[in-house]
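Asker: Below are the structure tokens for one structure; questions will follow.
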Amino acid sequence: MLQLHFVKGGLTFLGIKRINVLSAAFQSTQRVEYKPIKKVLVANRGEIATRVFRACTELGIRTVAVYSEQDTGQIHRQKADEAYLIGKGLPPVQAYLHIPDIIKVAKENNVDAVHPGYGFLSERSDFAQACTDAGVRFIGPTPEVVQKMGDKVEARAIAISAGVPVVPGTDSPITCLTEAKEFSDKYGFPIIFKAAFGGGGRGMRVVRSYEELEENYTRAYSEALSAFGNGSLFVEKFIEKPRHIEVQILGDKFGNVVHLYERDCSIQRRHQKVVEIAPAALLDPQLRDRLTHDSVKLAKQVGYENAGTVEFLVDKHGKHYFIEVNSRLQVEHTVTEEITDVDLVHAQIHISEGKSLPELGLKQENIRINGCAIQCRVTTEDPARGFQPDTGRIETNIPFLQNVLNNNQFLQGTVDTQFIDENPDLFNLRPVQNRAQKLLHYLGHVMVNGPTTPIPVKVKPSSVDPVVPPIPMGESPSGFRDILLREGPEKFAKAIRQHQGLMLMDTTFRDAHQSLLATRVRTHDLKKIAPFVSQNFNNLFSLENWGGATFDVAMRFLYECPWRRLQELRQLIPNIPFQMLLRGANAVGYTNYPDNAVFKFCEVAKENGMDIFRVFDSLNYLPNMILGMEAAGQAGGVVEAAISYTGDVADPTRTKYTLDYYVNLAEALVKAGTHILCIKDMAGLLKPKASDMLIRALRDRFPDVPIHVHTHDTAGAGVASMLACAHAGADIVDVAVDSMSGMTSQPSMGALVACTKGTDQDTGIQLEKVFDYSEYWEVARGLYSAFDCTATMKSGNSDVYENEIPGGQYTNLHFQAHSMGLGNKFKEVKKAYAEANKILGDVIKVTPSSKIVGDLAQFMVHNGLAQEQVETMADELSFPLSVVEYLQGYVGIPYGGFPEPLRSKVLKDLPRIEGRPGATLPPMDFVKLESKLKSKYDDLTPEDIMSAAMYPKVFEEYKDFSTQFGPVECLNTRLFLEGPKIAEEFEVELERGKTLHIKALALGDLNKAGQREVFFELNGQLRSVLVKDTQAMKEMHFHPKALKDVKGQIGAPMPGKVIDIKVKEGDKIEKGQPLCVLSAMKMETLVNSPVSGTVKKIYVKPDMHLEGEDLLLEIE
């Protein structure tokens, strides 16, 4: 319970300052023997049991707890002096309703008195009588009074005889639905069903029409029977929008009755109190007098003793109606204690001992309101999901309560029982981050189930963390980005062309780890070294750190936001231009996007710190490239148009991709407005002689345009080729730091720096700083051992000149071959790749065209097909979808056209795309996309919208993962991949100045639900998480879950028990039609169909216990 207390000062009574003065005015003819209580049994559990134990301990009374088999670990059992099992073999609720076991425990253990708490047996007269018959005092009213007041119909009759106004209703419990119809005919709707033998909102149903009558009668009866063991109901006229005011009373064995003023319980949900306030705000003093006077009068009418509550409805005209007496202690009794300084449990015990109210200092004239108090019910219900009950690790209603307490109507004190229903803004819940608990859940999940990201080889990450070299204090030195920001893209390009010496682009932050480490390097490790790079490599042309495969892999496998990576690196490296890879009309995806999506993407990228856009197309298809160039240029970025290189311009026998082809294509790109011209040698095919020929021809043709060369070092000739390019007139070449270079990555930065030192191409970079930089990455690379290409590939290979496999793809194909047990057949895969390239017409090979060739190669190896067989049998074979779509024209038009007759054989009558694939796509509706996303996710950024536009499914999975596991990017890489070791202590920085100290303590055994409990110490506090053991669950039978994206699969909205199934297989149903009834926490919920259709299959039976989202039925 969340309780607020405001005190002005005043008298202090029972439990704080005892006044043992017998009033001279008190007179009684009743002879009552005082019998002190030495041992109390509480026939209840949880909070109220603990509350009574505390009062008993304060009074020096020994305590006894009872517990069900399911409650062996509950705190009330531990807080008592003695504890005994009851209801063996029974469900938990039935155990606490088992009177014989409770009486047996009381008699066998010399219990003097039983306190019933609230709920369970607290208003059962047969239980009070059983205690009396056993010679055990019942701390509450006499059995006769419990019977009279517990039966709401009889209590109503007593109120009428006492002259207390009541709501029109039945005089006795109704016995059938017909009587309910007769009552509604007489008084009209709305009416309300109420359980005759209990409260707490259970067994209550408001009915507003004849159509609702039967269903609500059935549900109310069933709830009452389940909660109180008796399904009797009575019917009343329902008062619209009343205030619900209750008066606390105390009576003794001498006929004295006092009231302790009122509580306002108007804020309710489904007739259950949510917020209680004492005293009631803005209550007319005369109305207060009438309420308290009628309460005392009614109590005296029946000879009420001990604590109780008289409840009233107050209509909008200030007229009050008696509704019931709760002959027990209420949940909200504490707010009355706060404003009166009366300990109600102390008073209950003393009254049962035989003391009078005056003896306890409780005379009406001395009881005063002293301040105010508010109690909020913290329940295991999730307001964001319609207050569905929760179990296990729970969501509570605290965010909802915070909205209630800040609501203007609540603050003005003008609430009524419709307050929650009429204020939907109460459900605009501020999302709770709960980042620490989510991270513990993630760590526990990894400890139990292993890495969440796919691992190519079973190698553990290094236990050694990389050490960042010393970094000078102060701001970063100026770099070429300062020129770009100051003078713009055109003058920046001019400054690059005029620069003396060879310039370098560092690919370590992107293409190097894409080629060597499967693109798995995390922002965590990039950020650590970023300040060092900013301070020591400020004269780099650029840092390639974004775009290409890194965009989707960040979300798909690393569970990071790619935009946040860009933002954070930009903040740490303000002086070096950032460069990204843009796949022309495909942006950073593998498909065609509407033109406006590509333009929007470039605009958002530029706003987040991107500077240079390397624009390419996998087929060198000019229309696709020009679209990307225009998008980058319009966003204000530097446009670097990249020609993808294949073949060998130095080989006169290779007649397709000649020197003229590249010069002519460069001419078109320069005319289209590129700032920088790039040669993108994605497979590392540029040999030194070809490098000299190509770059010299381009330099002669375009003397004023900066030339940038990119290559891979697969064959080992990368440094020699880049030096040849530099000598021929290239301005910039791509390198990777030494420990991340070579093989399928870029040539070595250190080698280029050393080889050009003291020459006209001197890079101006200090070789010693390269060594320090390399040392960091050498150790960091060990963290990614499971992804390192050297796990299966021990060197580069000059056969790349024959098969022309791009660097990153070479690594991936090698991994795939080994993971499928085909490591000895990798040579066949490479041979098939070369043949597949010829079959498709000798295409430019870079993502996604390289994947198409690779798919065809694997298809050939898997089916044992040679080039001639594929070409001959093309009209019979079932080709990979990527190959078919390529031949349809979905990627673009290859240089020289599509291969015939292969294309016609494969496509037959399939449609073909002529021209640029994305030209005919309708514009993307970003407003609609944003609206759709906001209906599902909170705190969306413009960057999130863009991620969803590029990769809808990947983004959704990333967001769902983040919602479940929190900001895993805060974890170091070893923890992210394999979790902590038992007894390991570590720190996690959530944000600047907020650090978690965590220690992994233990891993529990497998439970019946297929879960393991993982224990941690978080900031000195014990925490645990339950984690499903996915391997163990494969061997256990579990109920299937409803799939969220399958509309006809209806899942359980909450954990609970199936009470009733209202349809059968084959039934035709309408949207909104009742399907079944679930019961949880003694509340019943009707599950309605969200769609119209036919019931295909029912997966549940009555009395079956379900977890949330368990599949109920399928509708088609």
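Asker: Take the Cα atoms of the range 692-757, find their three principal axes, and give me the spread along each one in whole Å, biggest first.
Answerer: The Cα atoms of the range 692-757 stretch 36, 24, 15 Å along the principal axes, largest first.
Asker: With every protein chain left in place, what is the accessible area per residue of the chain in square angstrom, probe 1.4 Å?
Answerer: Details: 45980 Å² over 1116 residues.
Using a 1.4 Å probe on heavy atoms only, each residue of the chain averages 41 Å².
Asker: On to the next question. Could you sort 697-703, 625-631 so that the peptide with the highest average Cβ count within 10 Å comes first and the rest follow in order?
Answerer: Values: 697-703: 16.3, 625-631: 24.3.
Final packing ranking: 625-631, 697-703.
Asker: Further question on the same structure: Roughly how large, in nm² to one decimal, is the mean projection of the convex hull of the alpha-carbon atoms in the range 117-241?
Answerer: Values: hull surface 33.1 nm².
It is 8.3 nm².
Asker: Something else now. Can you list residues whose amide H is under 5 Å from Leu996's amide H, if they're 5+ apart or on another chain and H is modeled 1.01 Å from N?
Answerer: Val988, Glu989, Leu990
Asker: Report the label-to-label distance for Ile471 and Asp660 in nanometres (one decimal), using points 7 Å from each Cα along the Cα→Cβ vector.
Answerer: The answer from the label model is 5.4 nm.
Asker: Additional query: Bin width 5 Å, origin at 0, all Cα-Cα pairs of the range 941-1009: what percent of pairs per bin?
Answerer: For the range 941-1009, the binned pair fractions read 3, 13, 15, 18, 17, 15, 10, 7, 3 percent.
Asker: Can you compute 3J(HN,Hα) from phi for each residue in the range 257-265, using the Karplus curve 6.51 cos²θ - 1.76 cosθ + 1.60 with θ = phi - 60°, rounded to whole Hz and x for Gly and Pro?
Answerer: Taking θ as phi minus 60°, the curve returns 9, 10, 10, 10, 6, 10, 10, 9, 10 Hz for the range 257-265.
Asker: Working with all protein chains in place, sort Phe254, Phe492 by solvent-accessible area computed with a 1.4 Å probe, largest first. Before the final figure, lay out each step's value.
Answerer: On the way: Phe254 40, Phe492 0 Å².
In descending accessible area the options line up as Phe254, Phe492.
Asker: Expected output is a single nm value to one decimal: the length gained when fully extending between Thr920 and His499, i.e. 0.36 nm times separation in residues minus the C-alpha distance. What is it?
Answerer: Numbers: separation 421, 0.36 × 421 = 151.56 nm, distance 4.32 nm.
Once the chain is fully extended between Thr920 and His499, it gains 147.2 nm.
Asker: Can you work out ³J(HN,Hα) from phi for every residue in the range 1096-1105, in order, using Karplus 6.51 cos²θ - 1.76 cosθ + 1.60 and θ = phi - 60°, giving whole Hz and x for Gly and Pro?
Answerer: Listing the rounded values in order: 7, 8, 10, 9, 10, 10, x, 6, 6, 8 Hz.
Asker: Further, regarding this structure: So what is the relative contact order of the range 205-255, in percent, for Cα pairs below 8 Å that sit 6 or more residues apart? Write down the numbers at each step before the final one.
Answerer: Details: 21 pairs, mean separation 10.8, N = 51.
The normalised contact order for the range 205-255 reaches 21 percent.
Asker: 5 Å is the cut-off here: which amide hydrogens, built 1.01 Å from N in the peptide plane, fall below it relative to Lys1097, excluding neighbours closer than 5 in sequence?
Answerer: So Lys1097 has HN proximity to Glu1114.
Asker: To continue, here is another question. Using a 10 Å cut-off on Cβ atoms, rank the peptides 636-643, 414-421, 449-456, 116-123 from the highest mean neighbour count down.
Answerer: Details: 636-643: 25.9, 414-421: 18.4, 449-456: 16.5, 116-123: 24.0.
In decreasing order of mean packing, 636-643, 414-421, 449-456, 116-123 become 636-643, 116-123, 414-421, 449-456.
Asker: Taking θ = phi - 60°, what integer Hz values does the Karplus form 6.51 cos²θ - 1.76 cosθ + 1.60 yield along the range 70-83, in sequence order, with x for Gly and Pro?
Answerer: Values per residue, Gly and Pro as x: 6, 10, 4, x, 6, 5, 5, 5, 7, 7, 7, 5, 9, 8 Hz.
Asker: Normalised by the number of residues in the range 982-1107, what is the relative contact order in percent for Cα pairs under 8 Å and 6+ residues apart?
Answerer: Details: 219 pairs, mean separation 20.4, N = 126.
It comes to 16 percent, rounded to a whole number.
Asker: Could you give the angle, 0 to 90 degrees to the nearest 10, between helix 659-671's Cα long axis and the longest principal axis of the Cα atoms of the chain?
Answerer: Between helix and principal axis, roughly 50 degrees.
Asker: As a test of understanding, state the convex hull volume per residue of the range 515-601 from its alpha carbons, in Å³.
Answerer: On the way: hull volume 9.5 nm³, N = 87.
Spread over its residues, the Cα hull of the range 515-601 gives 110 Å³ apiece.
Asker: So, one more: By how many nm would the segment from Thr1094 to His1037 lengthen if fully extended, with 0.36 nm per residue of separation less the alpha-carbon distance? Walk me through the numbers before you get to the answer.
Answerer: Details: separation 57, 0.36 × 57 = 20.52 nm, distance 2.76 nm.
Contour length minus Cα-Cα distance gives 17.8 nm.
Asker: Give the residue from Val1058, Thr963, Phe986 lying farthest towards the positive end of the charge dipole for the range 949-1073; charges sit on Cβ (+1 for Lys and Arg, -1 for Asp and Glu) and the dipole is referred to the Cα centre.
Answerer: Value: Val1058.
Asker: Kindly report, to the nearest 10 Å², the accessible surface of Thr872 as traced by a 1.4 Å probe over protein heavy atoms only.
Answerer: 90
Asker: In this model, which of Lys606/Lys928; Lys953/Lys1064; Lys830/Lys1044; Lys794/Lys838; Lys999/Lys1057; Lys319/Lys1071 are farther than 32 Å apart at the alpha-carbon?
Answerer: On the way: Lys606/Lys928 23 Å; Lys953/Lys1064 35 Å; Lys830/Lys1044 42 Å; Lys794/Lys838 28 Å; Lys999/Lys1057 38 Å; Lys319/Lys1071 42 Å.
Cα-Cα > 32 Å for Lys953/Lys1064; Lys830/Lys1044; Lys999/Lys1057; Lys319/Lys1071; rest within.
Asker: Under the definition of Cα pairs under 8 Å and six or more residues apart, what whole-number percent is the relative contact order of the chain? Display every interim value, and only then the final one.
Answerer: Details: 2262 pairs, mean separation 100.9, N = 1116.
Once divided by the residue count of the chain, the mean separation gives 9 percent.
Asker: List the residues, sorted by chain then number, that are 5 or more residues from Asn1088 or on another chain and whose placed amide H is less than 5 Å from its amide H.
Answerer: Residues meeting the amide H criterion: Leu1075.
Asker: Determine the principal axes of the Cα atoms in the range 820-904, then give the extent along each, sorted from largest to smallest and rounded to whole angstroms.
Answerer: 36, 28, 19
Asker: Which of the peptides 1015-1024, 569-578 is most tightly packed, and how do the rest follow, judged by the mean count of other Cβ atoms within 10 Å per residue? Kindly include the intermediate steps, with their values, before the conclusion.
Answerer: Working: 1015-1024: 13.9, 569-578: 21.1.
Highest-to-lowest ranking by the protection proxy: 569-578, 1015-1024.
Asker: Run the dipole for the range 620-712 about the Cα centre, Lys and Arg Cβ at +1, Asp and Glu Cβ at -1, nothing else charged, and hand back the magnitude in debye, nearest 20. Mind dumping the intermediate values first?
Answerer: Details: 9 positive and 10 negative charges, 34 e Å.
Here the range 620-712 has a charge dipole of around 160 debye.
Asker: From the Cα trace of the chain, what convex hull volume per residue do you get, rounded to a whole Å³? Numbers along the way, then the final one.
Answerer: Working: hull volume 230.9 nm³, N = 1116.
Hull volume over Cα atoms, normalised by residue count, gives 207 Å³.
Asker: Still on this structure, please answer the following. Helix-derived [θ] at 222 nm for the chain: sum -39500 (n - 2.57) over DSSP H runs of at least 4, divide by residue count, nearest 500? Display every interim value, and only then the final one.
Answerer: Numbers: 39 runs with 408 residues, N = 1116.
For the chain, the value works out to -11000 deg cm²/dmol.
Asker: With r defined as the distance between the Cβ atoms of Leu767 and Glu1070 and R0 fixed at 56 Å, what FRET efficiency is calculated, to the nearest 0.05? Spell out each step's value before the answer.
Answerer: Working: r = 77 Å, r/R0 = 1.38.
For Leu767 and Glu1070, the calculated efficiency is 0.15.
Asker: For the range 717-869, what is the convex hull volume of the alpha-carbon atoms per residue, in Å³? Working shown, then result.
Answerer: Details: hull volume 18.4 nm³, N = 153.
Looking at the range 717-869, the number lands at 120 Å³ per residue.
Asker: Tally up the carbon and sulfur contribution to the accessible surface of the chain as a whole percent, 1.4 Å probe, everything protein left in place.
Answerer: 50
Asker: Which of Leu233, Ala347, Ala299 sits farthest toward the positive end of the charge dipole of the range 218-363, with +1 on the Cβ of Lys and Arg and -1 on the Cβ of Asp and Glu?
Answerer: Toward the positive end, the furthest listed residue is Leu233.
Asker: Between beta-carbons, use under 12 Å as the cut-off and find the net charge around Asp315, counting Lys and Arg +1, Asp and Glu -1.
Answerer: Numbers: positive: Lys237, Lys241, Arg243, Lys316, Lys319; negative: Glu240, Asp416.
After counting each charged neighbour, the total is +3.
Asker: On a 0 to 90° scale, report how tilted helix 718-728 is relative to the longest principal axis of the chain, with both axes built from alpha carbons and the result rounded to the nearest 10.
Answerer: 60
Asker: Stokes-Einstein diffusion coefficient for the range 942-1065 at 10 °C in a medium of 1.306 mPa s, Rh from the Kirkwood formula over Cα pairs: what value in µm²/s? Could you put the intermediate results ahead of the total?
Answerer: Numbers: Rh = 18.4 Å.
Diffusion coefficient, whole number: 86 µm²/s.
Asker: Which Rg and Dmax, in Å, describe the Cα atoms of the range 418-548?
Answerer: That works out to 23.1, 78 Å for Rg and Dmax.
Asker: Put +1 on the Cβ of each Lys and Arg and -1 on the Cβ of each Asp and Glu in the chain; which of Val1025, Gln268, Pro911 then has its Cα farthest toward the positive end of the dipole?
Answerer: The residue sitting most towards the positive pole is Gln268.
Asker: Rounded to the nearest 10 Å², what accessible area does Ile839 show when all protein chains are kept and the probe is 1.4 Å?
Answerer: 10
Asker: For the range 485-534, max minus min Cα coordinate along each principal axis, in Å, sorted largest first?
Answerer: That works out to 36, 21, 18 Å along the principal axes.
Asker: Right, next: Extending each Cα 7 Å along its Cβ direction at Glu1017 and Glu365, get the distance between those two points in nm, one decimal.
Answerer: 6.1
Asker: Rounding to the nearest 10 and keeping the result within 0 to 90°, find how far the Cα-based axis of helix 480-498 lies from the longest principal axis of the chain.
Answerer: 20
Asker: Given the whole protein assembly as supplied and a 1.4 Å probe, what does the accessible area of Tyr187 come to in Å², nearest 10?
Answerer: Roughly 90 Å² of Tyr187 is accessible to a 1.4 Å probe.
Asker: Express in nm, to one decimal, how much length is gained between Ser463 and Lys104 on full extension, taking 0.36 nm for each residue of separation and deducting their alpha carbon distance.
Answerer: 123.2 nm is the gain from fully extending Ser463 to Lys104.
Asker: Quick one: dipole size for the chain, taken about the Cα centre, charges +1 on Lys/Arg Cβ and -1 on Asp/Glu Cβ, in debye to the nearest 20. List each step's numbers first, then the result.
Answerer: Working: 125 positive and 141 negative charges, 328 e Å.
Around 1580 debye, computed over the chain.
The values are calculated or read from the model by the stated rules, or taken from the named source; none is laboratory data. This is a predicted model, so every value here is computed, not measured. All Cβ positions, glycine included, derive from the backbone under ideal geometry; neighbour counts span all protein chains shown. Heads up: the accessible areas ignore ligands, DNA and RNA and are worked out on the full protein's heavy atoms, side chains in. Shrake-Rupley method; radii C 1.70, N 1.55, O 1.52, S 1.80 Å.
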